[in-house]
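Please treat every number below as a calculation from the coordinates, not as lab data. Since the structure is predicted, the reported quantities are computational estimates derived from the model, not experimental observations. When we count neighbours, we look across all protein chains shown, and the Cβ atoms used for this are built from the backbone with ideal geometry, even at glycine.
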Amino acid sequence: MDYKKLIREVPDFPKPGILFYDITTLLKDAQAFRTVQDELVARYRDQGISKIVGIESRGFILGSPLAYQIGAGFVPVRKPGKLPADTYEVKYKLEYGSNSLAIHRDAIAMGERVLVVDDLLATGGTAAATISLIRQLGGEIAGMVVLVELTDLKGRDKLDGCPLHALITYP
């Protein structure tokens, strides 16, 4: 399936000069969404993954069904103030600003194999921050999977050795 045909490109969002790759047009296509999930399940089913960490918020959409299908727990990484219990937080830079992420302190046990899931990898700031949080909790990074990677922005260079799988790449 050619996933790129199902991705809407929105210029100047969220600010001028940014080309936003809107995955909602792929997600609304039942067959495409099912095919994406089936592909991810086939790749990660036998990898001994204990937890899927989904990055707010589109990582939740892809990560939750994957966790269910491979028999892993699901852990959300969210913006500060959105999680109700004790958290670790990390600040990071985006391609168009800065932000912070948080994870519950009890979300991952020492040595658990963790797969990070998000919709898009651009400059790598969000992914690197998430990897840092997981390692702070003692998790072992099994890898990261994204629907879209913007290769020209070299975000994978910030992943500190974390294996990356992207279903779609744009130069």
- Message: Here is a check on your reading of the model: is residue 8 free of Cβ contacts under 8 Å to residues at least 24 places away in the same chain and touching a helix residue (DSSP H, G or I) at 6+ places or on another chain (Cβ under 6 Å)?
- Response: yes
- Query: Can you pull out the residues in region 42-71 that are touching a residue at least 40 places away in the same chain (Cβ under 8 Å), farther than 20 Å from residue 110 by Cβ and hydroxyl-bearing (Ser, Thr, Tyr)?
  - Reply: 44
- Task: Tell me, please, whether a residue that is closer than 21 Å to residue 22 by Cα and in contact with a Cys (Cβ under 8 Å, 6 or more places away or on another chain) can be found in region 81-97.
- Result: no
- What are the pairs, 6+ residues apart or on separate chains, where a residue within region 142-170 that is farther than 23 Å from residue 6 by Cβ has its Cβ under 6 Å from a residue that is charged (D, E, K, R)? 142/113
- Query: For region 84-111, what are the residues that are crowded, with 18+ Cβ neighbours inside 10 Å and more than 18 Å from the chain's Cα centre (by Cα)?
  - Reply: 87
- Task: For residues that are surrounded by fewer than 21 Cβ atoms within 10 Å (Cβ to Cβ) and part of a loop (DSSP other than H, G, I, E, B), tally how many sit in region 138-156.
- Result: 2
